[in-house]
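Asker: One structure, pasted below without further comment.
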Amino acid sequence: MNTKPCTSGLSENAVLITRVADRQWHALDDDLVVGRGHAEDRPDGRLFVSIDAWHDATFDRLAEAMLAELPAPLYTVVDEADVELAAAWLRAGFTIRRREWEYAVPTDPRVTGLDGVLPPSGVTIVPASQADEALLRAVDRAIRDEVEATVGWQSMPAEVIPRPEGDTIVDPSKYAVAAAPDRYLGLIRVVTVNRPRIGLVAVRAVDQRRGIARALLAHALGTLHRSGFAAAWTEVQESNRPASSLFEGIGARPMSSNVELVR
């Protein structure tokens, strides 16, 4: 363990900042922990930091110590409703990189307007847990390559960032797909823990604007509605207007927002 204490000012009760482990810091006041800082690598290779402290001065001291030792660039994510925390990171020299909205998505087809929506001719919807894994991985890889060639996968929510060793399919049983006779055209992933969450809905570029995404949503939301769920949740980057329009067009409502900051 490498411990590096530092103090500032002349007060006998100055907070002591200590690195207690690799990429972990504590703020101590008379041996009482009054703040914690942590840094971790995300699967896409970016370094994210977090600080939990009761007082602005303690936050600032932790941030100063961490930023002095960590390599740039650094990232963090903040609930935009937490104005004080966002201000603390801005004070530490971070700037807003992007904003992500969380939507509540109704499942009732009478509300979404998806009642009776079918996939285009020659396309079928394969329910979750029934997709061919090889074809699923192929369409996922193709869609990711298309996105990477344009806006880049760093613009996507953390939930859909590639996992270690290039494994981009979290759990094949969670994906429903739109299928042509010889290949898959699009996919949707829904995970239900405490509440249903749409982690990804995507269609290959050549097959877009055919109503496939709406058909995938109609299938997934209809399945959730029949299972007794009144709503699902999803996150959309503010700049992704096609995705926002897709969800808002079926009655989804923005409920909160997160901001990703970078230094």
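Asker: Give the residues of the range 196-244 that are of a type in the set (D, E, K, R), without any contact (Cβ under 8 Å) to a residue 40 or more places away in the chain and assigned to a loop (DSSP other than H, G, I, E, B), sorted by residue number. Walk me through how you get there before you give the answer.
Answerer: The initial filter retains those residues of the range 196-244 that are of a type in the set (D, E, K, R), namely 197, 204, 207, 209-210, 214, 226, 235, 238, 241.
Adding the requirement that they be without any contact (Cβ under 8 Å) to a residue 40 or more places away in the chain leaves 197, 207, 209, 226, 241.
Matches in the range 196-244: R209 only.
Asker: Among helices (runs of 4 or more DSSP H) lying entirely in the range 20-131, which contain 1 or more residues that are charged (D, E, K, R) and surrounded by 13 or more Cβ atoms within 10 Å (Cβ to Cβ)? Even if it seems obvious, please write down each step before you answer.
Answerer: Details: elements: 56-69, 83-91, 109-112.
Where helices (runs of 4 or more DSSP H) fall fully within the range 20-131 and carry at least 1 residues being charged (D, E, K, R) and surrounded by 13 or more Cβ atoms within 10 Å (Cβ to Cβ), they are 56-69.
Asker: Next up: For the list (1) in a loop (DSSP other than H, G, I, E, B); (2) touching a residue at least 40 places away in the same chain (Cβ under 8 Å); (3) open to solvent by 40 Å² or more (accessible area, probe 1.4 Å), I need the number of the one condition that I250 fails.
Answerer: Result: I250 fails condition (3) only.
Asker: Would you call T150 open to solvent by 50 Å² or more (accessible area, probe 1.4 Å), modelled with pLDDT under 95 and on the phi < 0 side of the Ramachandran plot?
Answerer: Details: open to solvent by 50 Å² or more (accessible area, probe 1.4 Å): yes; modelled with pLDDT under 95: yes; on the phi < 0 side of the Ramachandran plot: yes.
Yes; evaluated as a whole, the condition is true for this residue.
Asker: Scan the range 214-231 for residues that are farther than 15 Å from V126 by Cβ and surrounded by fewer than 23 Cβ atoms within 10 Å (Cβ to Cβ) and jot them down.
Answerer: R214, L224, H225, R226, S227, G228, F229, A230, A231
Asker: What are the residue pairs meeting all of these: first residue in the range 13-35, first residue over 10 Å from A65 (Cβ atoms), second residue open to solvent by 40 Å² or more (accessible area, probe 1.4 Å) and among the aromatic types (F, W, Y), Cβ atoms under 8 Å, and 6 or more apart or on different chains?
Answerer: Final answer for the pair search is V34/W54; G35/W54.
Asker: Any residue that is farther than 19 Å from I96 by Cα and of a type in the set (A, V, I, L, M, F, W, C) - is there at least one of those in the range 45-54?
Answerer: yes
Asker: On the basis of being β-branched (V, I, T) and within 28 Å of V78 (Cα to Cα), does I250 make the cut? Give the derivation first.
Answerer: Values: β-branched (V, I, T): yes; within 28 Å of V78 (Cα to Cα): yes.
Yes; evaluated as a whole, the condition is true for this residue.
The values are calculated or read from the model by the stated rules, or taken from the named source; none is laboratory data. Since this is a predicted model, take the numbers as computed values, not measurements. For neighbour counting, all protein chains shown are included, and Cβ atoms are generated from backbone atoms with ideal geometry for every residue, glycine included. Each accessible area value is taken on the protein alone, full model and side chains, heavy atoms only, with ligands, DNA and RNA left out. Shrake-Rupley method; radii C 1.70, N 1.55, O 1.52, S 1.80 Å.
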